[in-house]
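*Asks:* One structure, as structure tokens, below. Some questions next.
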Amino acid sequence: MANAIVEETFETRYTLPPIEMIEDPPEEIRQKQKRVRELCTERNAILLAHHYQRPEVQEVADAVADSLKLSQAAAKTKADVIVFCGVHFMAETASILCPEKTVLLPDLRAGCSLAASITAEDLLEWKAQFPNAVVVAYINTSAAVKAESDYCCTSANATKVVQAIPAERPILFLPDRFLAKVVAWQTQRSNVFGYPGYCHVHKTIQPEQVARILEEHPDAELLLHPECGCVSSCMARAAEGGLPQERTFFLSTEGMLRHISESREREFAVGTELGIFHQLHKKFPDKTFYPVNPDAVCAFMKTITLDRVIRSLETMSPEVRVSLETAGRARRAIDRMLELA
Ligand code: SF4
């Protein structure tokens, strides 16, 4: 199927919420954060926030991390309630890992265009064409898709997961077409078949933007999330010498933070959702960061506001719960991901 047709189909599967501008004065933000912490204590709740969340939400969280680390935090928490400041598939993953806990997602509009690219029915059809294949599902998928998969992975451990699969077995890698290419390239495997899904935010990070930012900041290292629309072109350019291979990196958000903390470089061109810049500026105040695409904002992530976190903890809703039957089947793939973390 041509990519244009695929994209048209995927776009009918989700509705982008509007991005609200929140302009609360600092004192009001502090009061709301205080209220969140009081409610967390009352409810014995842990608040987990993804790197793409609003800064004021990141600041009030118990942990701020990528999907892999947040899943690990959910798996080991002793809290009764998990408030997931992220998107729906993350809350589902927490519910699968902790079926006895209450998992709250403060706004149910927090979906994900990438997760919406593939349904369990799509996957069953695809699997039928490759009966000998191993299915590796990116964590950005619904619980129903995970239940039909052999392994789960995140951008932080996708390569490790693929390397753990015997070389002679074909791999159906889903749903991100760009990450599939990075993984095939990094593992040097020709039998990784990528599903044509994509994240509508990362897809907009394009080769022209990479070229422009490096022209403006020639000393910057280039850090790209593997979901970016420019990865194929950047991998090819790095291989041909058009981009300095030793200064071009494909990394998860957590991988970016680790890389920067270990690097002696002072400047970085960063290709991912803009929420990460809050942690970058906070953790590395003496380094300079340039967004490859200054419009890369995820509307789904930004639905979570302090007001909605407060309301969620007060009303103990909306709750995300995965049926025990689906959770049982999805758990196997998630456990394998955690074993290879
Ligand atoms: S940034 Fe993309 S992959 Fe991440 S939650 Fe938003 S839509 Fe999904």
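*Asks:* If the cut-off is 16 Å between C-alpha atoms, which aspartates and glutamates fall inside it for Lys78, apart from same-chain ones fewer than 8 positions away?
*Replies:* Answer for Lys78, where 16 Å is the Cα cut-off: Glu42, Asp62, Glu100, listed by chain and number.
*Asks:* What is the Cα centroid distance between segment 57-119 and segment 166-216, reported in whole angstrom?
*Replies:* Here the two parts' Cα centres lie 25 Å apart.
*Asks:* To continue, here is another question. What is the gain in length, in nm to one decimal, between Leu16 and Arg264 on full extension, counting 0.36 nm per residue of separation less the C-alpha to C-alpha distance?
*Replies:* Taking Leu16 through Arg264 to full extension adds about 85.4 nm, to one decimal.
*Asks:* Gain in length, Glu240 to Asn191, computed as 0.36 nm per residue apart minus the alpha-carbon separation, to one decimal in nm?
*Replies:* Gain on extension, Glu240 to Asn191, equals 15.3 nm.
*Asks:* As I understand it, the dipole of segment 202-291 uses +1 on the Cβ of Lys and Arg and -1 on the Cβ of Asp and Glu, about the Cα centre. Which of Leu280, Val270, Val210 lies farthest toward its positive end?
*Replies:* Leu280
*Asks:* Lys/Arg Cβ at +1, Asp/Glu Cβ at -1, dipole of segment 104-188 taken about the Cα centre: which of Phe130, Ala147, Thr187 is farthest positive-ward?
*Replies:* Checking the options against the dipole of segment 104-188, the answer is Thr187.
*Asks:* Now, a different point. Highest first, please rank the peptides 118-124, 250-256 by the mean number of other Cβ atoms sitting within 10 Å of their residues.
*Replies:* Sorting 118-124, 250-256 by mean packing, highest first, produces 250-256, 118-124.
*Asks:* Grab the alpha carbons of segment 202-291, take their convex hull, and tell me the volume per residue in Å³.
*Replies:* Hull volume normalised by residue count: 83 Å³.
*Asks:* Based on Cβ point charges of +1 for Lys and Arg and -1 for Asp and Glu, what charge dipole magnitude is obtained for the chain about its Cα centre, in debye rounded to the nearest 20?
*Replies:* With Lys and Arg at +1 and Asp and Glu at -1, about 820 debye.
*Asks:* At 222 nm, what value in deg cm²/dmol follows for the chain if DSSP H runs of at least 4 each add -39500 (n - 2.57) and the sum is divided by all its residues, to the nearest 500?
*Replies:* -13000 deg cm²/dmol
*Asks:* Let's see if you can work this out: charge +1 on each Lys and Arg Cβ, -1 on each Asp and Glu Cβ, no other charges. What is the dipole magnitude of segment 17-139 about its Cα centre, in debye to the nearest 20?
*Replies:* 400
*Asks:* In cubic angstrom, how much convex hull volume per residue do the alpha carbon atoms of the chain span?
*Replies:* Given the Cα convex hull of the chain, per-residue volume reads 137 Å³.
*Asks:* Could you list, in their original order, any pairs among Lys69/Lys101; Lys160/Lys203; Lys203/Lys283; Lys160/Lys302; Lys69/Lys287 whose Cα atoms are separated by more than 22 Å?
*Replies:* Pairs exceeding the cut-off: Lys160/Lys203; Lys203/Lys283; Lys160/Lys302; Lys69/Lys287.
*Asks:* OK, next. Considering the options Gly111, Ala156, Gly197, tell which one lies farthest towards the positive end of the dipole of the chain, charges being +1 on Lys and Arg and -1 on Asp and Glu at the Cβ, about the Cα centre.
*Replies:* The residue sitting farthest along the positive end of the dipole is Ala156.
*Asks:* Quick check on the chain: of the DSSP beta bridges with both residues there, what percent are antiparallel, nearest 5%?
*Replies:* Bridges in the chain are about 5 percent antiparallel.
*Asks:* Please sort 208-214, 280-286 by packing, taking for each peptide the average over its residues of neighbouring beta carbons within 10 angstrom, highest first.
*Replies:* Packing order, densest peptide first, comes out as 208-214, 280-286.
Each value in this text was obtained by applying a stated rule to the coordinates, not by laboratory testing. None of the values given here were measured: they were computed from a predicted structure. So basically every Cβ, Gly included, is an ideal-geometry build from the backbone, and we count neighbours across all protein chains shown.
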